[in-house]
């Protein structure tokens, strides 16, 4: 599919203001194009975090927790089975134990098996919690709970209170919990709606520490250092693809900085080692594409408690053993995913995806744990909202469990909401947000769902929405295509909502060959704005492209610094070829 390339717009006035404050001239333009208006906004120190008092119920919930700890109440964290849920659980466990140490706090965790217990705080999960030898007094949900109406009701019936910490969008009715801390709940004026589940838990701990300090439990000098948990906060935030507004960039940049300086949990270090990566060169890409998938593999194929154990252990030996097991599971996940993707693509051979608005597939042999990743891959390949279904069982009834991924301009959860109102008996349950959602439908309804999903998508999307687009940051002078500038770029905090820069330019293709039969390896010379070739030869690579390029090509690319045999070199990672639409 041809990509439409568009240059990001930016305010020259804002860029000029940044330059005048000493910001690098290219970075000034990049920041201005991402909404930065003043150099003060680039300060990502922890003191710039939005205060917890602005997060609805955060202070009250912290006071509630402080009382519970002091009265010896038993706490049970109910986690989610993805990376955000795992890190939120680890942050909660580590933070509560540190803050509750003077009272010998009683806190444990439970992560439901996604295949047998489903998502969130279900009544079945509550019943299992109630049967524990040390029956909890309070259930604390992390990265879930806002949709758990029946589960919270069951907990109330059994005499257990529930504190919900979540970030997902709520339904029309909220659960009857003791407290709900969620920036996306009604009437919450917290400026950052992009907090991940781990971020919400971290905020609750900040508020709890403040209250305990006011009560004399700690002083500013001996209070637990919650900043020690920021490596976990950064990992969960990036892996959950949370938008990196300034508040999240503060959390993530400080977490990455700690990892670079060797200040991390043994589990984080072990995940780096198992992946063959150097934590001293940590960046957001590592968190999202290297560590995150290894943790998620546990929740997708087995039980996320394995991943949580890796994040909670203080033993480097145990952490490395668990990290290697997670690495093995991730390789298994990739094998399953590849097989499913091959089957999915084969089933699309006779379908003209170009005339469809959606991709929606189901197969009786597919694995529930990998459908989300396959949906993501196919969404990227075809640039269509995609839902992949695998068979499941819901209270003895045969169902299909689906995971969907969307494209910009199509709100997936809202589309499912429209379908649920049009056909009230079709979708048994659903949840999510604009770009990702999950749902369960009756097996008998799969064909009608596909038709309805396609119909709704056609109503809500335009031709422009369906056109794959790539935003770039314009021409980069050859003088900046150097390893030093690539390193400068890599030291910034890029991610969802604050995208890493993509540059655009015309190049003379000196040579091109295939690497491993599937990656296009290039030697290039950049053309200056006057059309003449720059003197230096550049290395480039276009991953997963076998088709060769014209001798002169207009390319969109990322600039990275490659360290080969100890020598730093600029390398271009090609993203797109500018072709006539």
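The values are calculated or read from the model by the stated rules, or taken from the named source; none is laboratory data. As the structure is a computational prediction, the values presented were derived from the model and not from experiment. Backbone-built Cβ (ideal geometry, glycine too); neighbour counts: all protein chains shown.
Quick notes
- Flag if residue 483 is touching a residue at least 60 places away in the same chain (Cβ under 8 Å), farther than 22 Å from residue 7 by Cα, surrounded by 17 or more Cβ atoms within 10 Å (Cβ to Cβ) and not assigned by TED's automatic domain parsing to the domain that holds residue 238: yes
- Checking each residue in the range 158-172 for being farther than 13 Å from residue 139 by Cα and surrounded by fewer than 24 Cβ atoms within 10 Å (Cβ to Cβ) picks out 168, 169, 170, 171, 172.
- Residue, surrounded by the most Cβ atoms within 10 Å (Cβ to Cβ), within the range 346-362, restricted to residues that are modelled with pLDDT of 85 or more and in contact with a strand residue (DSSP E or B) (Cβ under 8 Å, 6 or more places away or on another chain): 359
- Any chance residue 449 is part of a helix (DSSP H, G or I) and in contact with a strand residue (DSSP E or B) (Cβ under 7 Å, 6 or more places away or on another chain): yes
- Pick from the range 392-404, criterion in a strand (DSSP E or B) and over 27 Å from the mean Cα position of the chain (by Cα), ranking: modelled with the lowest pLDDT: 394
- Within the range 80-117, restricting attention to residues that are outside any helix (DSSP H, G or I) and in contact (Cβ under 8 Å) with a residue 60 or more places away in the chain, the residue that is surrounded by the fewest Cβ atoms within 10 Å (Cβ to Cβ) is 113.
- Considering residues of the range 531-547 that are under 23 Å from residue 470 (Cβ atoms) and surrounded by 14 or more Cβ atoms within 10 Å (Cβ to Cβ) only, the residue modelled with the lowest pLDDT: 545
- Verdict on residue 497 being surrounded by fewer than 17 Cβ atoms within 10 Å (Cβ to Cβ) and either in the same structural domain as residue 545 (by TED's automatic domain parsing) or under 27 Å from the mean Cα position of the chain (by Cα) (or both): yes
- For residue 285, the conditions (1) farther than 22 Å from residue 321 by Cα; (2) modelled with pLDDT of 95 or more; (3) within 20 Å of the chain's Cα centre (by Cα) are fulfilled apart from (2).
- Of the listed requirements (1) within 30 Å of residue 113 (Cβ to Cβ); (2) assigned to a loop (DSSP other than H, G, I, E, B), residue 36 misses just one: (1).
- Of everything in the range 325-345 that is at pLDDT 90 or above and surrounded by 15 or more Cβ atoms within 10 Å (Cβ to Cβ), the residue that is farthest from residue 446 (Cα to Cα) is 325.
- Filtering 145, 120, 151, 159 for residues that are in a loop (DSSP other than H, G, I, E, B) and in contact with a helix residue (DSSP H, G or I) (Cβ under 7 Å, 6 or more places away or on another chain) leaves a single hit, 120.
- Looking across 303, 365, 314, one residue alone is surrounded by fewer than 18 Cβ atoms within 10 Å (Cβ to Cβ), in the same structural domain as residue 94 (by TED's automatic domain parsing), modelled with pLDDT of 80 or more and not in a helix (DSSP H, G or I). It is 314.
- Just one of the listed residues (456, 407) is part of a loop (DSSP other than H, G, I, E, B) and under 27 Å from residue 167 (Cβ atoms), and it is 407.
- Evaluation of residue 244 against (1) assigned to a helix (DSSP H, G or I); (2) under 20 Å from the mean Cα position of the chain (by Cα); (3) crowded, with 24+ Cβ neighbours inside 10 Å; (4) in contact (Cβ under 8 Å) with a residue 60 or more places away in the chain (one fails), failing number: (1)
- Flag for residue 208 being outside any helix (DSSP H, G or I) and assigned by TED's automatic domain parsing to the domain that holds residue 143: no
- Matching residues, the range 417-434, being in contact with a strand residue (DSSP E or B) (Cβ under 9 Å, 6 or more places away or on another chain) and in a loop (DSSP other than H, G, I, E, B): 425, 426
- Of all residues in the range 46-79, those satisfying the criterion of being under 16 Å from residue 245 (Cβ atoms) and in a loop (DSSP other than H, G, I, E, B) are 49, 50, 51, 55.
- Only one of 191, 175, 186 that is in a loop (DSSP other than H, G, I, E, B) and surrounded by 15 or more Cβ atoms within 10 Å (Cβ to Cβ): 175
- Residue match in the range 11-30 (condition: in contact with a strand residue (DSSP E or B) (Cβ under 8 Å, 6 or more places away or on another chain) and within 22 Å of residue 256 (Cβ to Cβ)): no
- Residue ID - surrounded by the most Cβ atoms within 10 Å (Cβ to Cβ), chosen from residues in the range 120-139 that are closer than 17 Å to residue 394 by Cβ and in contact with a strand residue (DSSP E or B) (Cβ under 7 Å, 6 or more places away or on another chain): 121
- Test for residue 407: is it touching a helix residue (DSSP H, G or I) at 6+ places or on another chain (Cβ under 6 Å), on the phi < 0 side of the Ramachandran plot and surrounded by 17 or more Cβ atoms within 10 Å (Cβ to Cβ): no
- Yes/no for residue 199 being under 20 Å from the mean Cα position of the chain (by Cα) and under 22 Å from residue 41 (Cβ atoms): yes
- Total residues in the range 115-163, condition farther than 21 Å from residue 86 by Cβ and under 28 Å from the mean Cα position of the chain (by Cα): 4
- When we screen 528, 518 for residues that are under 27 Å from residue 25 (Cα atoms), at pLDDT below 95 and surrounded by fewer than 16 Cβ atoms within 10 Å (Cβ to Cβ), the only hit is 528.
- Residue 398 surrounded by fewer than 16 Cβ atoms within 10 Å (Cβ to Cβ) and either under 30 Å from residue 113 (Cα atoms) or assigned by TED's automatic domain parsing to the domain that holds residue 166 (or both): yes
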